[in-house]
Amino acid sequence: MEIANAHVSLSALKHNYAVLKQRAPSSKILVVIKANAYGHGMLQVAEALAELADGFAVARSKEAIALRKAGIDSHILVLEGFFDGAEAQALAKHNVATVIHSEQQLEVVEGLSLVRALDTWIKLDTGMHRLGLLPKQFTSLLPRIRACQNIQSPFKLISHFACADEVEHPLTLQQITAFNGLSKELDVECSLANSAGILLWPEAHAHWNRPGISIYGISPQVDNSGVDFGLIPAMTLQTNLIAVREHPKGESVGYGATWQAERDTRLGVVAMGYGDGYPRSAPNGTPVWLNGRLVPIVGRVSMDMLCVDLGPDCEDEVGDKVILWGPELPVETIAKAVGTIAYELVTKLTSRVRITYTN
Ligand SMILES: *Cc1c(COP(=O)(O)O)cnc(C)c1O
């Protein structure tokens, strides 16, 4: 019996890649595999998509270098760029592309002697106000960027959306306008769209798109799920029922005794808890899939276990498979119940949960 594993369908990843390609057929795709491919396993995801994808994006140099060492020879972009000269050297050595988002980073590369010029994406702050050069700053630094021997010519341009998941939000079009205002004079490749940009803002499609969450079959929006866009959830978080118990009306279950049965019933004990990364904040009533139906969590989620109300007439047995999220039960539903986003749930699985793969 395989207790608590996250099963990843590699064919679902390939399907989702094809869906995103279809949405923006003339854009190349950098598949975002930061944070262990959103909890799906960075190397396995990279290997599964290496033939299809035009490249990969990660957040940190360490992630990029691990990919190179594992033999991934695709275009790889580090979205946060380097923090110091040694890191810039390592990126040059491993032929990894970097973002430059600040004048400090520009100063660092200007002072280096590198084995090869860095494949560089200049990051523009068009309204997210997290990283990036503001339009004026970019214009004033442009001569230095162009003159720098350590920056490959031509550089590329990148920016990131703050609110692309909200279709009514005016900031996205403002960001696109600001970006186009700067890029139109330059003959360079550009990238703007994350998953929400690809799925909801065709005007954001550029030479390169950067889907993360949607590759895993998950919606970037909070009120729907991946299937609404034709995506297939790649991960199934599953475990087993380890006990079935008679539970009388009026009795509570678990720490804090936060739930009492309103009728005689049977409770199932499921081998999954916050020690696996399942959120402790999941309230009473959060659904779990078991034997073709959804049953509610009752009582507090504990470290290794959670309890579900199976109903008085249940036929469930110890050992039965339980699905916490997957195609049968979108992770977006759990995220909504918990008051977070699916991104957080999939990236927070702990090392106790083994990830397994099928084609
Ligand atoms: C994480 C990230 C993405 C991917 O975003 P999704 O919403 O997961 O598609 C794209 N670009 C940048 C800069 C990112 O940090």
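Structural remarks
- Rounded to the nearest 10 degrees, the inclination of helix 135-147 to the longest alpha-carbon principal axis of the chain is 60 degrees.
- Enclosing the Cα atoms of region 20-83 in their convex hull gives a volume equal to 87 cubic angstrom per residue.
- Taking all C-alpha pairs of the chain, those more than 32 Å from each other amount to 40 percent.
- Here the Karplus curve 6.51 cos²θ - 1.76 cosθ + 1.60, taken at θ = phi - 60°, turns the phi angles of region 180-185 into couplings of 4, x, 8, 7, 5, 7 Hz, with x standing for Gly and Pro.
- Cα gyration tensor shape for region 252-303, rounded if a/c is under 1.5, else prolate or oblate: oblate
- Sites listed here are trypsin sites (Lys or Arg not before Pro) in region 51-141 whose DSSP assignment is loop and whose Cβ has at most 16 other Cβ atoms within 10 Å: Arg116, Arg130.
- Distance (nanometres) between label positions extended 7 Å along Cα→Cβ at His207 and His94: 2.4 nm
- Cross-link reach is defined here as a Cα-Cα straight distance under 12 Å, omitting same-chain residues fewer than 8 places apart; for Lys321 the aspartates and glutamates meeting it are Glu2.
- Partner lysines whose Cα lies under 22 Å from the Cα of Lys34, excluding those fewer than 8 positions away in the same chain, are identified as Lys14, Lys21, Lys62, Lys69, Lys93, Lys123, Lys156, Lys348.
- Label-point gap, in nm, between Gln104 and Gln174 - each point 7 angstrom along Cα→Cβ: 2.7 nm
- A dipole drawn for the chain from +1 and -1 charges on Cβ atoms has a positive end, and of Asn16, Leu192, Ala147 the residue lying farthest that way is Ala147.
- Pairwise FRET efficiency - Ser281 versus Asp54, Cβ, R0 = 25 Å, nearest 0.05: 0.05
- Dividing the radius of gyration of the alpha carbons in region 1-52 by their Kirkwood radius gives 1.04 for Rg/Rh.
- The length gained on full extension between Glu166 and Lys62, counted as 0.36 nm times the residue separation minus their Cα-Cα distance, comes to 34.2 nm.
- P(r) tail fraction, region 171-236 - alpha-carbon pairs more than 17 Å apart, %: 46 percent
Bear in mind these aren't lab numbers, they're just calculated from the coordinates by the rules spelled out. Keep in mind that this is a model prediction, so the values were computed, not measured. With ideal geometry, Cβ positions are generated from the backbone for all residues, glycine too; neighbour counts draw on all protein chains shown.
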